[in-house]
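The values are calculated or read from the model by the stated rules, or taken from the named source; none is laboratory data. What you are looking at is a predicted structure, and each value in this text was computed from that prediction instead of being measured. Counting neighbours? That spans all protein chains shown, and the Cβs are built from the backbone with ideal geometry, glycine included. Areas reflect the complete protein model, heavy atoms only, side chains present, ligands, DNA and RNA absent. Shrake-Rupley method; radii C 1.70, N 1.55, O 1.52, S 1.80 Å.
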Amino acid sequence: MEYNFKDIEQKWQDNWREQQTYKVSVDTSKPKFYVLDMFPYPSGAGLHVGHPLGYIASDIYSRYKRLKGFNVLHPMGYDAYGLPAEQYAIQTGQHPAITTEKNIARYREQLDKIGFSFDWHREVRTCDPKYYKWTQWAFIQMFNHWFNKDVQKAEPISQLVATFEKEGNQHINASCSEAEVFTAEEWKAMSEKEQQSILLNYRIAYLADTMVNWCPKLGTVLANDEVKDGLSVRGGCPVEQKNMRQWSLRVSAYAQRLLDGFDNLEWSDSLKDIQRNWIGRSQGADITFDVKDSDVQLTVFTTRPDTIHGVSFMVLAPESEYTKQLSTPEQEKEIATYLEYVAKRTERERQSEVKVVTGVFSGSYAINPFTNEAIPVWISEYVLSGYGTGAIMAVPAHDSRDYAFARKFELPIIPVIDNGQAIDLSESSYDAKDGKMINSGIINDMSVKEAIQFIAEEVDKRGIGSSKINYRLRDAIFSRQRYWGEPFPVYYKDELPYMLDESKLPLELPEIDKYLPTETGEPPLGRAKNWQTEDGFSLEFNTMPGFAGSSAYYLRYMDPHNENELVSKEANDYWENVDLYLGGAEHATGHLIYSRFWNMFLYDLGIVCQEEPFKKLINQGMIQGRSNFVYRIVGSNTYVSLGLKDQHETTEIHVDVNIVHNDVLDTEAFRTWMPEYANAEFILEDGKYTCGWAVEKMSKSMFNVVNPDNIIEQYGADTLRLYEMFLGPLEAHKPWDTQGIEGVCKFLRKFWRLFMNGETFSVSDDEPTKEELKVLHKTVKKIEYDIENFSFNTSIPAFMICTNELSTLKCNKRAILEPIVIALASYAPHIAEEIWSLLGHKTSVTMASFPQWEEKYLVEDNFEYPISFNGKVRFKLSMPLTATNAEIEKAVKASPDMERWLDGKDIRKMIIVPKKIVNVVV
RNA sequence: GCUCAGAUGGCGGAAUUGGUAGACGCGCUGGACUCAAACUCCAGUGUCCUCAACAGACGUGCGGGUUCGAUUCCCGCUCUGAGUACCA
């Protein structure tokens, strides 16, 4: 009976579906374990061989945890809202729901073939009204809460209103857009419109005029993480800065908690680093400068208050309020010209031309509170309006950007730090944070550290500033001028936003006739008929961004069919949060921040019991393509084999990897591949055409896409699973090379043969030998260690070695083979199920327990002690492992090999380490 | 520029973390089986010393160091990849 993977895999996939083998429910008698994959966006191209890598790893871990007695939640779903479906709709008029549905069906079909143990009863789709009801619901909660900095927590807006009515806002310490101080009386005297406008500044989901990334080509605004190098991440379209009225989420309020949370997370340091940099905490001080002949006070943020005596000018961001306040009439014209220039510059230009120094003098002078000197105030685009106060004190001697500016506009450069060596300021600034203060009045001779401390305290004492922490993290812009996304549960009355009643949820996405933004520049929902509330108020035209639906989906899996709550308390108390989360590192600054924020917010409300959503995170690497090339001799239709190409002038041409085997081109297939190659001629070596190759991104244009369906057709799902793991460490990027798959396929056939006596399945019930037990226990120990440490790649060799050894021992004993089948079941579930059932078991191997290994079977009676001289192994000596150090030493000295290796030298020392290596030092 | 990760045969990679470097697989070479092919099996395969050795030397990007012993730890470089970027 040959190993017929096709029948076996079909049979067990059907069986799992019929028996609902992987359906889970709350079971308090068992410990829970929640394994989650980042759910995919179902694109039209389907899965390539790189996509399932993480799913296979998480599936192995899930299956292993089940065998270890855990109740495992392992769900899957679809992040179904997104741009590609909508772009396709704009081009073809096809409703995005239809293409999305089609793509999901295709994804599901491909996923099923790989044999995952997902509980599909819990599937979620972000575009399903039953699902996005809870996305809208969460938004309403964010609208109805504000962030109290004193307790670092979200609190109901109703409480805030109560405080306003009692004592105004003077004692409120909130994360807030703008706050003018008012009393209780003033509050009560305000109209509803005025009150609502003020409350908008406090809400966690708020509507405000903000500088946004506007992408004209996509016709929508984008969040910071959706923009890279001034281009949109999706589509690479130019992005510009624009002031627009948009919904935002007050993510920045949670900056400190997002940082503190890392302490209890098992995430890779590099990923934590990426998030830390993105949050960008910096500790410094606000310092207020008086302005000469003006009432305006100029506040700057600095991390280097120690350098205050070196300030030789101030710089304002062009968009800053200060720019209007501090521009003098004499400079008006010049400033206007400059502001015009800045406004015209795209974000991309600004970023790519960082070295170009521009600026204009405002006409005003600030007074340095420590030297009382008047220092000129400039305006320049190198200062950002969105960070700190939008104004800086410039210390050209010790900041390279200020230095460049001072050089260009010939402003004084005053050194205030001396590092013991002569600091040369003729070419560059000295930015380091060590040395002694000079030219700095009262703080002369202090160290930088002391000076920072002293000035900060002094500023505080004089009431001209205070120490402050700034974060780079911005609030998340939450509006998108697109169709295919969640509608906001928002209507407008008197130009102010109000939330729909929760009983009206979900507010379903309306049908429209065209998916392009309207000619008037309004979002597509502007076309929807009757897009208003029952009492005639207009509904919001924008839709929510991609990250809205993906921010809390892990909670919905816990209780996916609950129509009354996002997640029931019972389900949440049991499943708590995700124990293991697998996905790409590209979500570090997007989804993984938003999800943490969203979850913390729900935690503040008491909806969820854990503050952090994902306890352990693993970022699987990308599988790259391995492209093949042919070499066309320039000006001909002749192609030369790799080894001979240097003899000709050639052009490198990508060739479909599917017509290349072991880097040898199928020349006939090449001729029929594309019409232009029909008459191709070849210069062969050894009768073969050898192709060149390179590792590149897997993509259609490189003709290097490998489809998992083809691999499964040819080798089976178990082989695909094993091979994907075998390729290399889970977290590493690695190229796909189909050549190597033969090895693991061969292993499965060999493993199968262990159970076969000719054509019949047979195992013996004989007692295993010591040797066989050793193979078993060694293998089980290794597999357990590997899975616990996520080094799945090294498990495959362990299985191969085990199989080879048992094959050599001609071992077909049940006592040995049965536990190994269980250990293999996580990796290759189909073949394991088949053998398990042939072994006479009536229930799934999923119900089995992971085998226990014992150290006693692993120790040998006699051990070949490697004897090394100065660290180099020279010979081996067989002795019992139980020998004492004294016995070993005696035996080594008595060994006949010693004399030769000592070569007349004396033994200075003999080191016998617990790992049983003897090192003789001569 | 800053931060992080990495560099091991022809290729992918192993070495459970300071203890026999190159496991395992691919590829390659030779052999067995076969009329032949496929399948399967066996042997060899880091480099160098004119062949072989169960003889030796050298070998984990480069240069130093610590150690009885370093792919592993420390210092200084080079290169590659990723993140981020006028964040004051």
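Tell me yes or no: at least one residue of region A:462-484 is within 30 Å of residue A:134 (Cα to Cα), more than 15 Å from RNA strand B (Cβ to nearest atom) and among the charged types (D, E, K, R). Taking every residue of region A:462-484 in turn, at least one turns out to be within 30 Å of residue A:134 (Cα to Cα), more than 15 Å from RNA strand B (Cβ to nearest atom) and among the charged types (D, E, K, R). For the residues A:217, A:228, the requirement of being more than 16 Å from RNA strand B (Cβ to nearest atom), open to solvent by 80 Å² or more (accessible area, probe 1.4 Å) and modelled with pLDDT under 95 singles out A:217.
Pairs linking a residue in region A:737-766 that is within 30 Å of residue A:696 (Cβ to Cβ) and free of Cβ contacts under 8 Å to residues at least 24 places away in the same chain to a residue that is in a helix (DSSP H, G or I) and more than 7 Å from RNA strand B (Cβ to nearest atom), with Cβ atoms under 8 Å and 6 or more positions apart or on different chains, are A:740/A:723.
When the residues of region A:720-734 are filtered to those that are near RNA strand B (Cβ under 6 Å from one of its atoms) and within 21 Å of the chain's Cα centre (by Cα), the one that is nearest to residue A:5 (Cα to Cα) is A:728. Just name the residue that is least open to solvent (accessible area, probe 1.4 Å) out of those in region A:737-760 that are at pLDDT below 90 and not in a helix (DSSP H, G or I). Of everything passing the filter in region A:737-760, A:756 is least open to solvent (accessible area, probe 1.4 Å).
For residue A:898, are the conditions met, namely being open to solvent by less than 60 Å² (accessible area, probe 1.4 Å), away from RNA strand B (no atom under 11 Å from the Cβ), farther than 30 Å from residue A:770 by Cα and not acidic (Asp, Glu)?
So residue A:898 passes the test.
Among the criteria (1) open to solvent by less than 70 Å² (accessible area, probe 1.4 Å); (2) over 29 Å from residue A:259 (Cβ atoms), the one residue A:427 does not fulfil is (1).
One line per residue, one yes/no per condition, for (1) within 8 Å of RNA strand B (Cβ to nearest atom); (2) over 38 Å from the mean Cα position of the chain (by Cα); (3) open to solvent by 20 Å² or more (accessible area, probe 1.4 Å):
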position: A:365; (1), (2), (3): no, yes, yes
position: A:374; (1), (2), (3): no, yes, yes
position: A:395; (1), (2), (3): yes, no, no
position: A:401; (1), (2), (3): yes, no, yes
position: A:407; (1), (2), (3): no, yes, yes
position: A:417; (1), (2), (3): no, yes, no
position: A:420; (1), (2), (3): no, yes, yes
position: A:443; (1), (2), (3): no, yes, no
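Working carefully through the options A:774, A:781, find the one that is open to solvent by 50 Å² or more (accessible area, probe 1.4 Å), in contact with a Phe, Trp or Tyr (Cβ under 9 Å, 6 or more places away or on another chain), within 10 Å of RNA strand B (Cβ to nearest atom) and in a helix (DSSP H, G or I).
On the way: A:774 fails: within 10 Å of RNA strand B (Cβ to nearest atom).
Unique residue meeting the criteria: A:781.
If I filter region A:827-848 down to residues being among the aliphatic types (A, V, I, L, M) and within 16 Å of RNA strand B (Cβ to nearest atom), which single residue comes out as nearest to residue A:763 (Cα to Cα)? Before you say what the answer is, go through the steps one by one.
The first filter runs over region A:827-848 and keeps only residues among the aliphatic types (A, V, I, L, M), leaving A:828, A:831-832, A:835, A:838-839, A:845, A:847-848.
Within this subset, residues satisfying the condition of being within 16 Å of RNA strand B (Cβ to nearest atom) are A:828, A:831.
Details: A:828: 20, A:831: 16 Å.
Among those that are among the aliphatic types (A, V, I, L, M) and within 16 Å of RNA strand B (Cβ to nearest atom), it is A:831.
Given the criteria closer than 27 Å to residue A:115 by Cβ and aliphatic (A, V, I, L, M), does residue A:659 qualify? No; evaluated as a whole, the condition is false for this residue. Of the residues that make up region A:50-62, is at least one modelled with pLDDT under 95, on the phi < 0 side of the Ramachandran plot and open to solvent by 40 Å² or more (accessible area, probe 1.4 Å)? The answer is yes, given that some residue of region A:50-62 is modelled with pLDDT under 95, on the phi < 0 side of the Ramachandran plot and open to solvent by 40 Å² or more (accessible area, probe 1.4 Å).
Taking region A:238-336 and the helices (runs of 4 or more DSSP H) fully enclosed by it, the elements with 1 or more residues that are within 12 Å of RNA strand B (Cβ to nearest atom) and hydroxyl-bearing (Ser, Thr, Tyr) are at A:269-279, A:321-326.
If you go through region A:63-111 and keep only what is in contact (Cβ under 8 Å) with a residue 40 or more places away in the chain, touching a strand residue (DSSP E or B) at 6+ places or on another chain (Cβ under 6 Å) and open to solvent by 10 Å² or more (accessible area, probe 1.4 Å), you end up with A:66, A:70, A:71.
Residues are listed down the side, and each one gets a yes or a no for (1) among the polar types (S, T, N, Q); (2) assigned to a strand (DSSP E or B):
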site: A:632; (1), (2): no, yes
site: A:635; (1), (2): no, no
site: A:639; (1), (2): no, yes
site: A:645; (1), (2): no, no
site: A:672; (1), (2): yes, no
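Residue-by-condition table, conditions (1) of a type in the set (Phe, Trp, Tyr); (2) open to solvent by less than 30 Å² (accessible area, probe 1.4 Å); (3) touching a Pro at 6+ places or on another chain (Cβ under 8 Å):
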{"site": "A:810", "(1), (2), (3)": "no, no, no"}
{"site": "A:829", "(1), (2), (3)": "no, yes, no"}
{"site": "A:836", "(1), (2), (3)": "yes, yes, no"}
{"site": "A:840", "(1), (2), (3)": "no, no, no"}
{"site": "A:852", "(1), (2), (3)": "no, no, no"}
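Taken over region A:575-618, the criterion of being closer than 26 Å to residue A:145 by Cα and within 16 Å of RNA strand B (Cβ to nearest atom) is satisfied by A:589, A:590, A:591, A:592, A:593, A:594. Hey, any hits in region A:654-674 for a residue that's exposed (fewer than 15 other Cβ atoms within 10 Å of the Cβ), in contact with a Gly (Cβ under 6 Å, 6 or more places away or on another chain) and of a type in the set (D, E, K, R)? No, region A:654-674 has no match at all.
Residues are listed down the side, and each one gets a yes or a no for (1) more than 13 Å from RNA strand B (Cβ to nearest atom); (2) free of Cβ contacts under 8 Å to residues at least 24 places away in the same chain:
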site: A:850; (1), (2): yes, no
site: A:868; (1), (2): no, no
site: A:888; (1), (2): yes, no
site: A:892; (1), (2): yes, no
site: A:914; (1), (2): no, yes
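Only one residue in A:72, A:35 is in contact with a Leu (Cβ under 7 Å, 6 or more places away or on another chain), at pLDDT 95 or above, in a strand (DSSP E or B) and closer than 20 Å to residue A:617 by Cα. Which one?
Working: A:72 fails: in contact with a Leu (Cβ under 7 Å, 6 or more places away or on another chain).
One residue alone meets the criteria, A:35.
Scanning region A:613-635 for residues that are buried (at least 19 other Cβ atoms within 10 Å of the Cβ) and farther than 30 Å from residue A:663 by Cβ yields A:613, A:614, A:617, A:618, A:619.
Here is a list: A:539, A:505, A:582. Which entry is under 30 Å from residue A:266 (Cα atoms) and open to solvent by less than 20 Å² (accessible area, probe 1.4 Å)? Give the derivation first.
Details: A:539 fails: under 30 Å from residue A:266 (Cα atoms); A:505 fails: under 30 Å from residue A:266 (Cα atoms).
Testing whether each residue is under 30 Å from residue A:266 (Cα atoms) and open to solvent by less than 20 Å² (accessible area, probe 1.4 Å) leaves just A:582.
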